[in-house]
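Just below is one structure, and these are the notes that go with it.
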Amino acid sequence: MRTSDGVDRRFAAILLGCAALVLLLWWTPLLLPFRLFVTMVHELSHALVAILTGGQVLGIAIRLDGSGVTYARGGNLVLTASAGYVGSSVFGAVLLLVARERHRRLLLRALAEDDLAGISRCLFNSLEAPSIRKFPVLELIRGAMRDSGAAGTLMSGSGATVFGLFPSVKLARTSARKIREQFGPSMWTHVARFAPVRLG
């Protein structure tokens, strides 16, 4: 559910819950590997900038309490000193981009292999939640298609259409008929097939 200003309350609650859990468990042995990894990325960022600015790395120390230090000589001291937090942030952003690219490849692979379940798992539209909040009928239409056997449903674009993915043309046509009956004859429906997808 989203508020009128577009804030996804469910996502925000999950995010806050995860943050609170991490804060509670951060100093426990359970998260020690993650603390050490974060420290390693932080210190490696210092070392990398020191080298790139003409300096020399004398050593890196990472302690079990999660602290660390990078010993460097020469290079740009200001850039090297500020590289830890900047480098960690850049590393996190790269991880998000990699995850997004992986999602895209999974979708293309599922399309190429005609994997309906895989395609359905990749469906996402960031505009769907606020649109459904304003026009609940969109969710009713999605629910009607799922009840008729759709493996996945999604709002298209900003809400002009809602589509469903069905394992057979027969189920799709049956769903289209039921939607017209349930929501009125003015409801436009159309059954189409996937075009072949080739991965280059």
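Projecting the Cα atoms of PRO33, VAL94, VAL78 onto the charge dipole of the range 29-112 (Cβ charges, centred on the Cα centre) puts VAL94 farthest toward the positive pole.
In nm, to one decimal, how far is the modelled label at ARG102 from the one at LEU30, with both set 7 Å along Cα→Cβ? Spacing of the two 7 Å Cα→Cβ label points: 2.3 nm. For the pair ALA13 and MET187 in one chain, pulling the backbone fully straight at 0.36 nm per residue adds 59.0 nm over the alpha carbon distance. Computed from the C-beta positions of LEU21 and VAL94 and an R0 of 22 Å, the FRET efficiency is 0.35 to the nearest 0.05.
Where the centroid of each part is defined by its Cα atoms, how far is the range 23-86 from the range 130-200 in Å? So the two Cα centres are separated by 51 Å.
Values in this text are rule-based calculations from the coordinates and carry no lab data. Quick caveat: nothing in here was measured; it's all calculated off a predicted structure. Counting neighbours? That spans all protein chains shown, and the Cβs are built from the backbone with ideal geometry, glycine included.
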